[in-house]
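S.K.: I'd like to ask some things about the structure below.
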Amino acid sequence: MKLYHGWLSSASRRVRLCLAEKGLAYESIPIDMGKQEHHSPAYLAMNPNGVVPALRLDNGASLYESSTICEYLDDLHPQPPLRPADAYDRAVMRNFVRWTDEKSLPHLLVLNWSIALQPGASQWSDAQLKERLARIPTPERREAWTRIARQPYTDEEKAVALEKLLALLGKMEAMLADNGDWLVGGAYSLADIAAVPFVARIAELAPDAVSHDRCPRTAGWWARVQQRPAFALARFDRFDAALRQRDAAAALSPAPARAGS
Ligand SMILES: N[C@@H](CCC(=O)N[C@@H](CS)C(=O)NCC(=O)O)C(=O)O
């Protein structure tokens with residue numbers, strides 16, 4: 001299998017975690033979003049939404065949507081199981097994953113893109129912007145790129161995005177109160193995997209928010225997650241350190257500065 005992904009992308013991190021929990025080998029193909037590698041015709045043939053990740057299977061078929069990819073991997077390699085056996089718990093798991101997709105990811109993108117992609121995109125000429133927008137398949141993503149290229153998110157918008165991102169912690173506290181160590185059905189599942197990338201980023205952006213004082217159950221959950229061998233294997237590099245490394249590499253390279261993935 002080949003995983004086309006971004007090291008800092010939450011949806012990609014989710015799939016890397018799932019692959020690591022399953023102990024599955026795969027070829028890692030990092031996508032440079034600043035260079036719009038995810039908008040090339042070859043990539044769009046794998047993921048028509050023009051976002052990462054995408055999984056290319058050994059038979060040449062491909063899959064997109066991180067939650068779908070994770071369920072596919074769990075179907076294909078059932079051990080260790082990452083979905084509850086109980087049908088109701090499974091449905092609750094899916095609703096939680098969907099909740100993070102709809103209510104967490106859009107807000108995290110505002111915060112991440114402002115530091116990772118805006119510096120590069122704001123340098124594009126009007127002609128470059130037009131040409132780049134033309135390659136983006138969906139109106140929402142065209143809007144997001146237009147914002148960072150020409151109308152950067154304001155501090156107020158970023159504060160609102162962080163506040164909305166933090167709503168995840170309240171939801172998790174309530175679920176952990178009902179279920180114990182893990183979010184759904186008493187065992188580690190794709191629900192936990194869906195939350196990890198967001199909590200990891202919250203722990204960098206607002207460490208107090210995930211402290212034992214503020215949300216004891218989620219803080220305990222976060223400590224347990226980080227002890228799992230798969231967490232290290234999935235490489236959750238700190239955002240700020242990864243960007244510094246990227247920028248240092250770009251400064252040494254004669255090529256134009258790269259906006260990261
Ligand atoms: N629902 C999708 C979301 C994928 C997504 O939005 N990926 C972001 C990074 S986390 C991306 O590729 N953004 C690039 C762009 O919008 O151009 C999934 O779970 O796979």
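S.K.: Take the Cα radius of gyration of the range 87-233 and divide it by 2.2 N^0.38 Å, with N its residue count; two decimals is plenty.
M.R.: After normalising by residue count via 2.2 N^0.38 Å, the value is 1.21.
S.K.: Within the accessible area of the range 87-233, what % is carbon and sulfur when the probe is 1.4 Å and the other protein chains stay in place?
M.R.: Values: 3790 of 7260 Å².
C and S fraction of accessible area: 52 percent.
S.K.: In terms of solvent-accessible area of protein heavy atoms at a 1.4 angstrom probe, what is the ranking of HIS212, HIS107, HIS38, highest value first?
M.R.: I get HIS212, HIS107, HIS38, largest accessible area first.
S.K.: According to a simple spin-label model (label point 7 Å from Cα along Cα-to-Cβ), what is the distance in nm between GLN227 and ALA42?
M.R.: In this crude spin-label approximation the distance works out to 4.4 nm.
S.K.: Once R0 is set to 41 Å, what does the formula 1/(1 + (r/R0)^6) return for the Cβ-Cβ distance between ALA91 and GLN245, expressed as a FRET efficiency to the nearest 0.05? Intermediate values should be presented prior to the final figure.
M.R.: On the way: r = 41 Å, r/R0 = 1.00.
The value I calculate is 0.50.
S.K.: Which value, in Å², gives the accessible area per residue of the chain when a 1.4 Å probe is used on the protein heavy atoms?
M.R.: 48
S.K.: Near LYS103, which lysines are there with a Cα under 21 Å away, not counting those fewer than 8 places off in the same chain?
M.R.: LYS158, LYS164, LYS171
S.K.: Let me ask something else about it. How long are the semi-axes of the ellipsoid equivalent to the chain, from square roots of 5 times the Cα gyration tensor eigenvalues, in whole Å, largest first?
M.R.: In descending order the semi-axes read 30, 22, 17 Å.
S.K.: Please compute, for the alpha-carbon atoms of the range 6-114, the extent along each of the three principal axes and give them in descending order in Å.
M.R.: 43, 35, 21
S.K.: Further question: Can you give the accessible area of THR138 in Å² (nearest 10), computed on protein heavy atoms with a 1.4 Å probe?
M.R.: 20
S.K.: Under a point-charge model restricted to the Cβ atoms of Lys and Arg (+1) and Asp and Glu (-1), what is the dipole moment magnitude of the range 32-182 relative to its Cα centre, in debye to the nearest 20? Intermediate values should be presented prior to the final figure.
M.R.: Details: 17 positive and 22 negative charges, 122 e Å.
Charge dipole, the range 32-182, about its Cα centre: 580 debye, nearest 20.
S.K.: Another one. Protein chains only, probe 1.4 Å: how do SER122, SER104 rank by accessible area, largest first?
M.R.: SER122, SER104
S.K.: Just to make sure I understand: if all protein chains stay in place, what is the order of TRP7, TRP124 by accessible area at 1.4 Å, largest first? Before the final figure, lay out the partial values.
M.R.: Details: TRP7 65, TRP124 30 Å².
Ranking TRP7, TRP124 by accessible area, largest first, yields TRP7, TRP124.
S.K.: Given the options LEU76, LEU176, LEU105, state which has the largest fluctuation in a GNM of the chain using a 10 Å cut-off (strictly under) for Cα springs.
M.R.: It is LEU76.
S.K.: Which of ALA249, ALA121, ALA54 moves the most in a Gaussian network model of the chain with Cα springs under 10 Å?
M.R.: Most flexible of the set in this elastic network: ALA249.
S.K.: Have a look at LEU165, LEU44, LEU57 and tell me which one the Gaussian network model of the chain (Cα, springs below 10 Å) gives the largest fluctuation.
M.R.: LEU57
The values are calculated or read from the model by the stated rules, or taken from the named source; none is laboratory data. Computed from a prediction, not measured in an experiment: that's the story for all the values here. Don't worry about glycine lacking a Cβ; one is built from the backbone with ideal geometry, like all the others, and counts go over all protein chains shown. Heavy atoms of the whole protein, side chains included, go into the accessibility calculation; ligands, DNA and RNA do not. Shrake-Rupley method; radii C 1.70, N 1.55, O 1.52, S 1.80 Å.
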